[in-house]
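Engineer: One structure, as structure tokens, below. Some questions next.
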Amino acid sequence: MRIKPLIILIFLMSSGSFAENALKVSVEKNIKLAVPFKIIFQDAQGKEIISVSTSSFKNSEFEILKIVKKSPSSIELEIMPFSIGISTFPPLEFSDSSGKRSTPEIPIKIEPRFEKTDGKIKDIYPPLFFLNLKKMLLIFLILIAAWLAAKKLLRKKETNNSYVAQAIQDYRTPYEKALQEIQELEKKAEENFS
């Protein structure tokens, strides 16, 4: 019998402390990528909001553009999202006459800006299907054919060059080759000095 009043007392105390931290949150609908939208935070008990800490936005998918105090107990944030899908709006810390309070994380669905969606989840890249496989196979075969043709042409040029090299052999002695090079150098020297 003593447990019932104790449970009721605990329930009343916990609900009172919950109401003390309660903030009403209003979020716009149909939020688009890179289009500013507004979120309004309003104190449920009408306490004056003194300041807002946005330190949790450092690595966020959102950017705060404007903070406007609509009334003593409500603040409007103008925010721009930079991610598609369901993103989590980070918690904000509010200061009021009773101390500091923080908001819960808010899941927000962000849709593409220019693409009309039918509500289904889409992949960024479509899955590999048979038509793409045919194209890839064709490209692969063309590359192999080009490689074989280039290899054959290079082999022909090498064989042609080797025949030419064999036909033009220098039968001079090393002494004759050196003497001819010296004569060519002397001619160049005379041309440069005259």
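Residues are listed down the side, and each one gets a yes or a no for (1) of a type in the set (A, V, I, L, M, F, W, C); (2) modelled with pLDDT of 65 or more:
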{"residue": "G119", "(1), (2)": "no, no"}
{"residue": "K122", "(1), (2)": "no, no"}
{"residue": "A145", "(1), (2)": "yes, yes"}
{"residue": "Y171", "(1), (2)": "no, yes"}
{"residue": "K187", "(1), (2)": "no, yes"}
{"residue": "E191", "(1), (2)": "no, yes"}
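Engineer: Working only within the range 52-66, note down all residues that are more than 17 Å from K24 (Cβ to Cβ), surrounded by 13 or more Cβ atoms within 10 Å (Cβ to Cβ) and not acidic (D, E).
Structural biologist: Result: S53, T54, S56, F57, S60, F62, I64.
Residue-wise test of (1) within 23 Å of the chain's Cα centre (by Cα); (2) at pLDDT below 90; (3) in a strand (DSSP E or B); (4) under 16 Å from T103 (Cα atoms).
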residue	(1), (2), (3), (4)
V35	yes, no, no, no
I40	no, no, yes, yes
G46	no, yes, no, yes
V52	no, yes, yes, yes
N59	yes, yes, no, no
K66	no, no, yes, no
E76	no, no, yes, yes
M80	yes, no, yes, no
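Engineer: Only one of these is at pLDDT below 80 and closer than 30 Å to I31 by Cβ: P127, P107, P112. Name it.
Structural biologist: P127
The values are calculated or read from the model by the stated rules, or taken from the named source; none is laboratory data. Computed from a prediction, not measured in an experiment: that's the story for all the values here. Don't worry about glycine lacking a Cβ; one is built from the backbone with ideal geometry, like all the others, and counts go over all protein chains shown.
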